[in-house]
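**Student:** One structure, pasted below without further comment.
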């Protein structure tokens, strides 16, 4: 009896088994143990096979019940990434940065990376212009194992305002 890789790889996802099963007179069943190697990273479910072989020739035994598929079901939950504030983030024009908080919900197993980029929304009177109202920004945010919150900082460009004048401009990320 041997284990055979499919998507699951011996030594990484499980420990290979290669042993001879000997049945005593009257014995009708045997159990084998295959060690599954757990980690904290999400990955799709993976399969390997257990194949019965002739111990003398090494040939696969014939029959429909001499090979079975074993599925390693991943129990790690990386979570979903979203914005803490879903209705829009407001930053005072006098602040140097606009902080955008990202939350990792429903799990925090493994390392997850998120790419981001600021975008100019449209060309109406309330559209913030990159290089004039804010600094364009892009990058990658990494959530390490167990980390559930990260912050993106976008620099707001200061402007001289007239008395009672306010800024009301938007950009996307």
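Just so it is clear, none of the values below were taken in a lab; they were calculated from the coordinates. Computed from a prediction, not measured in an experiment: that's the story for all the values here. When we count neighbours, we look across all protein chains shown, and the Cβ atoms used for this are built from the backbone with ideal geometry, even at glycine.
**Student:** Over the chain, what is the relative contact order in percent, taking alpha-carbon pairs closer than 8 angstrom and at least six residues apart?
**Tutor:** Relative CO of the chain lands at 19 percent.
**Student:** At 7 Å along Cα-to-Cβ for each site, give me the label-to-label distance between residue 92 and residue 136 in nm.
**Tutor:** 3.0 nm
**Student:** Calculate the spin-label point distance for residue 30 paired with residue 60, positioning each point 7 Å from the Cα along the beta-carbon direction, and give it in nanometres.
**Tutor:** 2.0 nm
**Student:** Now, a different point. Starting from the Cα-Cα distance between residue 43 and residue 144, subtract it from 0.36 nm times their residue separation and give me the gain in nm to one decimal.
**Tutor:** That pair, residue 43 and residue 144, stretches by 34.8 nm at full extension.
**Student:** Return the Rg/Rh value of the stretch 1-75, two decimal places, where both radii are evaluated on C-alpha atoms and Rh is the Kirkwood radius.
**Tutor:** For the stretch 1-75, the value is 1.02.
**Student:** Below 8 Å, C-alpha to C-alpha, sequence gap of six or more: please give me the relative contact order for the stretch 1-75 in percent.
**Tutor:** So the answer I get is 35 percent.
**Student:** Which FRET efficiency value, to the nearest 0.05, is calculated for residue 2 and residue 83 with the Förster distance at 45 angstrom and r the Cβ-Cβ distance?
**Tutor:** 0.35
**Student:** For Cα pairs less than 8 Å apart in space and 6+ apart in sequence, what is the mean separation divided by the residue count of the stretch 100-173, i.e. the relative contact order in percent?
**Tutor:** Relative contact order of the stretch 100-173: 44 percent.
**Student:** How high is the FRET efficiency between residue 70 and residue 101 when r is their beta carbon distance and R₀ equals 41 Å, given to the nearest 0.05?
**Tutor:** Rounded to the nearest 0.05, the efficiency is 0.45.
**Student:** Ok, one more. Please compute the length gained on full extension between residue 120 and residue 23, using 0.36 nm multiplied by the number of residues separating them and subtracting their Cα-Cα distance.
**Tutor:** Gain on stretching residue 120 to residue 23: 27.6 nm.
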